[in-house]
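J.: Sending over a structure as structure tokens; questions will come in a sec.
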Amino acid sequence: MYSRLVSILTSSVFCFALLMGASARAQTIHISVTDIALKNGENIEFGDVYFIASNCSSLLTATPEVEIVDGPPGVAVTVKRAMVIPRFYGCAKPVAGGKIMIAAKDVEDYSYSRMVLRVSYKTRSGNWQRSQHINVALFP
């Protein structure tokens with residue numbers, strides 16, 4: 001009798017563990033990757049860069065800088081100084097920042113590759129950096 005009770009209890013725990021395991025989900029970190037397509041000689045505005053405080057005031061002491069850490073040949077990236085509106089944070093007034101500009105030059109063949117950018121911010125509290133991954137399709 002005792003062994004039967006133990007086997008029923010063990011089976012119940014095992015079934016419960018299987019049911020709980022079937023509904024569990026793994027958590028992963030997703031890096032947002034943007035896809036862009038450029039033709040030879042084309043220049044696009046990729047996005048805004050800024051560094052703000054909680055009261056929506058800029059903390060930048062200089063225009064942000066960008067460099068290509070890894071990417072296809074013939075692509076150049078610059079930051080054009082501009083007043084931008086950080087709408088993502090609910091800010092309504094423009095702050096000092098810039099616009100990332102991406103240009104394709106001397107593209108002879110179609111290619112598709114990943115480009116990694118590093119954006120550097122000079123702020124009142126020191127220097128900060130972040131990276132951005134971009135999938136780039138280049139057309140002649």
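J.: Cβ under 11 Å from GLY97's Cβ, GLY97 left aside: what net charge do those residues give with Lys, Arg +1 and Asp, Glu -1?
T.: +2
J.: Considering only PHE139, ALA103, GLY74, whose Cα is most displaced toward the positive end of the charge dipole of the range 33-139, charges sitting on Cβ of Lys, Arg (+1) and Asp, Glu (-1)?
T.: Result: ALA103.
J.: Please count, across the range 33-139, the pairs of lysine residues with Cα atoms under 25 Å apart that sit 8 or more places apart or on different chains.
T.: Eligible lysine pairs with Cα atoms under 25 Å apart amount to 9.
J.: Turning to a different aspect of this structure: With +1 assigned to the C-beta of every Lys and Arg and -1 to the C-beta of every Asp and Glu, and no other charges, what is the dipole magnitude of the range 33-139 about the Cα centre in debye, to the nearest 20?
T.: That gives a dipole near 620 debye.
J.: Still on this structure: Counting only DSSP beta bridges with both residues in the range 33-139, what percent are antiparallel, rounded to the nearest 5?
T.: About 85 percent, rounded to the nearest 5.
Throughout, read-outs are computed from the coordinates displayed, never taken from laboratory work. This structure is a prediction, so every number in the text was calculated from the model and none was measured. Heads up, the Cβs are rebuilt from the backbone with ideal geometry, glycines too, and the neighbour counts pull from every protein chain shown.
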